[in-house]
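The next block holds one structure in the form of structure tokens; read it before the comments.
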Amino acid sequence: MAVSEQLVKNTAGTAVIALHGRGQAPAFIEDLLARIDRSSLRYVVPRAPGDSWYPEKFMAPRELNQPHLDLALAAVDAQVRQLEAAGIDRTQIVLLGFSQGACLACEYIYRNPGRWGGLLALTGGLIGPEGTVWPASEGSLAGTPVLMTNGDSDPWVPLARTRASADVFRAMGASVAERVYPDRAHDVVADEVATVRGFLDAVPARAARIL
């Protein structure tokens, strides 16, 4: 799994694993991070092979996205483990993604429950076809802060899936906030950027209460 050069400003504190969408490459996410304007944080910006984490839509039958989905989840896990090896606790690690990257981030957090620094799913949701059930018995998210955003009629990620995913995370014990933007294009708008900025600013204080 190719990884773009890490944007590292410090070796402790909050770390953000930022996952791009389908066909975007890391440049989209790097531009988003510049808009968020928190250069004191540590960022890891992986790149998917061919700029796509998995080949089909996120609501396609799971087998159509294998083995690419498992490889993508393993790539995220490798980044998490590198950060942990550098001394960063999971309570200080935030997964941020847009579109396909947001769906991957949701799936990773669901499969790896515990107390994380946070999940920022900008236009995303859990992966699987219509009718998929995600048991909350997989484990507790122990108060992990989660932000789920979407437009009210996004062409790629149905709002119903975003809301269903938020409900799954609540059932697993996460602290979930949702934002829905009427008539929003498939993009990240200024209010989302401001909300993400405030979310990241709060991570150190939340982690300090746990560590």
Listed residues 147, 71, 159; largest mean-square fluctuation, Gaussian network over the chain with Cα springs below 10 Å, found at 71
Restricted to the stretch 7-208, the DSSP antiparallel beta bridge percent, nearest 5, is 10
Scoring the stretch 103-195 by relative contact order with C-alpha pairs under 8 Å, at least six apart, yields a percentage of 30
Residues 134, 116, 156 in order from fewest to most other beta-carbon atoms within 10 Å are 156, 134, 116
Counting only residues 5 or more apart in sequence or on a different chain, those whose built amide H sits under 5 Å from that of residue 177 are 146, 147, 148
Ordered by fewest other Cβ atoms within 10 Å, a rough proxy for footprinting exposure, 172, 59 read 59, 172
With Cα springs under 10 Å, the Gaussian network model of the chain assigns the largest mean-square fluctuation among 143, 124, 101 to 143
Expressed in angstrom and ordered largest first, the alpha-carbon extents of the chain along the principal axes are 41, 35, 34
Most exposed to least, judged by fewest other Cβ atoms within 10 Å, 35, 47 sort to 35, 47
Filtering trypsin sites (Lys or Arg not before Pro) in the stretch 123-211 by DSSP loop and by at most 14 other Cβ atoms within 10 Å leaves 209
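We did not get these values from a lab; they are worked out from the coordinates using the rules stated. In this text, all values refer to a predicted model and were calculated from it rather than measured experimentally. Quick reminder, even Gly has a Cβ in these numbers, built from the backbone with ideal geometry, and neighbours come from all protein chains shown.
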